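This report refers to the structure that appears directly beneath it.
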Amino acid sequence: MFPKFEKHAKHIIQDKERLDKVLTDHKETKSNVKTFTKAEKKYNKTIHKLEKDENISRDSIEVVIQEYLDFKKDVLLTEIDTYTKTKQNIKEEEWNLIIQESIKGFKKFKKFQDKQTEKNHDYWVKLEKKFKSNDEDIKNEITSMIDDYNKYKSKVMLLRSPSNKKLTGYYTTKDELIKMVDVAISAQRKLFDVRLDLRELIFNNPDKFKVNKAMNKLKKVTY
């Protein structure tokens with residue numbers, strides 16, 4: 001969230017006692033993020049492996065998805081506790097300076113988000129174009145899925161974006177952050193639903209899709 005936070009904090013917070021507390025909290029955050037990223041990769045791999053297997057039921061995949069989302073929510077709530085605790089040792093003017101010095105990193109993160117959106121868009125365009133002329137029913141289903149996907153993906157990305165003033169605001173409360181987590185997890189669940197709907201469409205119409213190729217591309221649709 002805050003690129004080079006440690007460097008900025010050392011530069012801006014002159015009180016050594018408070019700085020030490022802030023850096024200790026930040027170290028905890030880095031450790032939690034590292035653990036989560038490693039676990040998330042395993043979940044992603046498992047979920048996609050299940051998605052590709054036509055013999056695995058949707059219900060079975062949803063069990064793993066829910067386990068992943070519950071795990072993610074717990075991690076985010078822990079992060080909120082650490083985030084709130086960290087902010088208590090930073091003065092408002094110091095916090096605002098850290099935000100200002102993080103702008104370059106924020107722009108980099110925005111570029112990353114835009115790149116992901118572009119990749120997803122390319123996949124949907126190709127999928128939609130494939131059935132533009134020869135199968136109106138499938139085309140309509142895919143169009144509906146794309147609309148749902150874009151709606152919920154935009155919601156997730158906006159919540160995660162540094163342009164979200166609630167995320168970077170000094171006076172944002174813990175309860176406000178928890179509400180954002182609930183919205184994000186709910187929206188991400190909807191993204192999984194779109195993927196599972198598309199999975200069913202692919203497997204139920206093997207004469208319309210190159211199934212293996214379509215399932216491999218589905219992996220690239222981020223959630």
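Relative contact order, whole percent, for region 107-188 stands at 26, derived from Cα pairs under 8 Å and 6 or more residues apart. Against the main long axis of the alpha-carbon atoms of the chain, helix 92-101 sits at an angle near 50°. Rolling a 1.4 Å probe over the heavy atoms of the protein chains gives the chain an accessible area of 61 Å² per residue. Checking every one of the GluC sites (Glu not before Pro) in region 1-64 against DSSP loop status and a limit of 14 other Cβ atoms within 10 Å picks out Glu54. Enumerate by residue number the trypsin sites (Lys or Arg not before Pro) in region 73-176 meeting two conditions: DSSP loop (anything except H, G, I, E, B), and at most 14 other Cβ atoms within 10 Å of the site's Cβ. Answer by residue number: Lys91, Lys132.
Each Cα pair under 8 Å and six or more residues apart adds its separation to the average, and for region 1-154 the resulting relative contact order is 35 percent. For region 15-57, the dipole from Cβ point charges (+1 on Lys and Arg, -1 on Asp and Glu) about the Cα centre works out to 200 debye, to the nearest 20. Axis of helix 16-52 versus longest Cα principal axis of the chain: the two differ by about 10°, to the nearest ten degrees. Over region 1-98, the hull volume per residue, using the convex hull of the C-alpha atoms, is 94 Å³. Taking the 1.4 Å solvent-accessible surface of region 98-147 as the whole, the part contributed by carbon and sulfur is 52%.
Put a plus charge on the Cβ of each Lys and Arg, a minus charge on the Cβ of each Asp and Glu, and nothing anywhere else: the dipole of region 102-180 about its Cα centre is then about 740 debye. Remark: the chain carries a charge dipole of roughly 1080 debye about the Cα centre, counting +1 on each Lys and Arg Cβ and -1 on each Asp and Glu Cβ. Using C-alpha pairs below 8 Å separated by at least 6 residues, the relative contact order for region 65-223 is 31 percent.
The values are calculated or read from the model by the stated rules, or taken from the named source; none is laboratory data. In this text, all values refer to a predicted model and were calculated from it rather than measured experimentally. Reconstructed Cβ throughout: ideal geometry from the backbone, glycine too, with neighbour counts over all protein chains shown. To get the accessible areas, we keep the full protein, side chains included, count just its heavy atoms, and leave off ligands, DNA and RNA. Shrake-Rupley method; radii C 1.70, N 1.55, O 1.52, S 1.80 Å.
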